[in-house]
């Protein structure tokens, strides 16, 4: 007896088997002649500079955190959405309160600017005024960025 | 279809395995020809002809030739890469996007698995793809791959919330997660489709779903994870040969999966637009694939119409435009259903 979730598992296995089968088929046909410079990491044809696993923008972490809160919220909303018609106004208002608390947090995050991505801040080189040096026409606001 | 096959073969496991191969029969040729189709559409939009020679008629065999070439390509795993994760990533990405097809009803007679939480399952299983993408980017140990994967993950998780909320609005009207049941609720003429129900809330919801699903599958204008001009090819820069082909295939499989969900939720799935006219299991398949292909065409059309968004604009659209509207849709639908019943 295979349940409905068993059939889902069969789908996952079929997906995996298809990938394995495709790779096996290609393995039978393809050549294999590796040498060190073929196996270097691609970096526009140059020798790679430094390691990839360096520190990256902290924003990705913030986005993941905010996502987590919203996603948990949505997970709670889903079972409610199926049955709320039968539960009447009480369950509906209860869920509005729950949503309201999240929306307050959302407004806070928005106001704090955590939903904004860091804008690039171009460094404007400062030149001494002199012959041959073009005067940069930037307003004060632009220079401050 | 299930009962018929069980009568024929008398073996449940064999029948379910056969049924699990059915979407593959659609997805693989679809991916092959969608690539060719995309090239032809882009060419005609730019007043070119596109591929014309391979296969004779308008270069129809171009992508077939491409796949034959990719099969013969040498498989290169960079020496700096994390070998195990590098090999594992395509499995996760493809199995994740293919498993979503388990709950998609292609016709009244065929659905891979009739689980009663179908929609919820689709949302959760498609999140596995993100893990696969991050794994591919990290394992490649390539700067382009790493940036592509990080951007991709940030984008997919950000747009998953509007997608989930738009789906939630439909669930609130339908009262079920079962995709077959949702289809049955929309039977009749096209004004029974959820697109036109609870107007304008679900109409706005469908637009939110479509825009956010474009971001979910990394299509233009949300294709910054794979921006060719800045990141080479994003997370699959280091993948070549068959591994690349499989990653590419799962992207097209994902494209059709989100289109199929949009079709089921808002355009009545396998229902004929004209009531009883041309309805039935086989015509159902025709309507379902037709509506899905229409979404695919719109995705391709947008790709050659809109420029790419910047990363801060992307976050702006997701968090500050789609999410407030999605919340408004959910609350609006809730009040409507509660007041009118």
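Computed values, structure above
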{"item": "For region A:1-119, convex hull of alpha carbons as volume per residue, Å³", "result": "209"}
{"item": "Test item: A:27-33 mean partner chain Cβ contacts at 10 Å", "result": "4"}
{"item": "Once the Cα gyration tensor of the protein assembly as shown is diagonalised, semi-axes √(5λ) in Å", "result": "38, 33, 22"}
{"item": "Proxy reagent accessibility, fewest Cβ within 10 Å first, across A:49, A:17", "result": "A:49, A:17"}
{"item": "Spin-label proximity, residue B:5 to region B:98-123 - amide N less than 15 Å from point 7 Å beyond Cα toward beta carbon", "result": "B:101-115"}
{"item": "Residues B:272, B:126, sorted so that the one with the fewest Cβ neighbours within 10 Å comes first", "result": "B:272, B:126"}
{"item": "Exercise: per-residue mean of other protein chain Cβ atoms within 10 Å, B:156-168", "result": "4"}
{"item": "Mean-position separation - Cα centroids, region A:47-70 and region B:280-305, in angstrom", "result": "36"}
{"item": "Average partner coverage of A:19-26, which counts Cβ from other chains inside 10 Å", "result": "6"}
{"item": "Segments B:13-20, B:237-244, B:136-143, A:37-44 sorted - mean Cβ within 10 Å per residue, highest first", "result": "B:136-143, B:237-244, B:13-20, A:37-44"}
{"item": "Per-pair calculated FRET efficiency, R0 = 56 Å: residue A:2 and residue B:313 via Cβ, rounded to 0.05", "result": "0.75"}
{"item": "Protection-proxy order for peptides B:60-72, B:157-169, B:86-98, each taking the mean of Cβ atoms within 10 Å per residue, highest first", "result": "B:157-169, B:86-98, B:60-72"}
{"item": "Region B:80-340: Rg to Rh, with Rh as the Kirkwood radius over Cα pairs", "result": "0.99"}
{"item": "Per-peptide average of other Cβ atoms within 10 Å, ordering B:191-197, B:306-312 highest first", "result": "B:191-197, B:306-312"}
{"item": "Euclidean distance between Cα centres, region B:79-130 to region A:75-120, Å", "result": "28"}
{"item": "Whole-angstrom gap from region B:13-53 to region B:182-225, using each part's C-alpha centre", "result": "23"}
{"item": "Label zone at residue B:293 (point 7 Å along Cα-to-Cβ), backbone N below 19 Å, region B:56-79", "result": "B:57-64"}
{"item": "Label-to-label distance, nm, for residues given as residue B:340 and residue B:25 (7 Å Cα→Cβ offset)", "result": "4.1"}
{"item": "Residue-averaged 222 nm ellipticity for chain B, from DSSP H runs of 4+ at -39500 (n - 2.57), nearest 500", "result": "-21500 deg cm²/dmol"}
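Since every read-out is calculated from the coordinates, none of them should be taken as a lab result. Since we're looking at a predicted model, the values are computed, not measured. Using ideal geometry, Cβ is built from the backbone for each residue, glycine included, and neighbour counts are taken over all protein chains shown.
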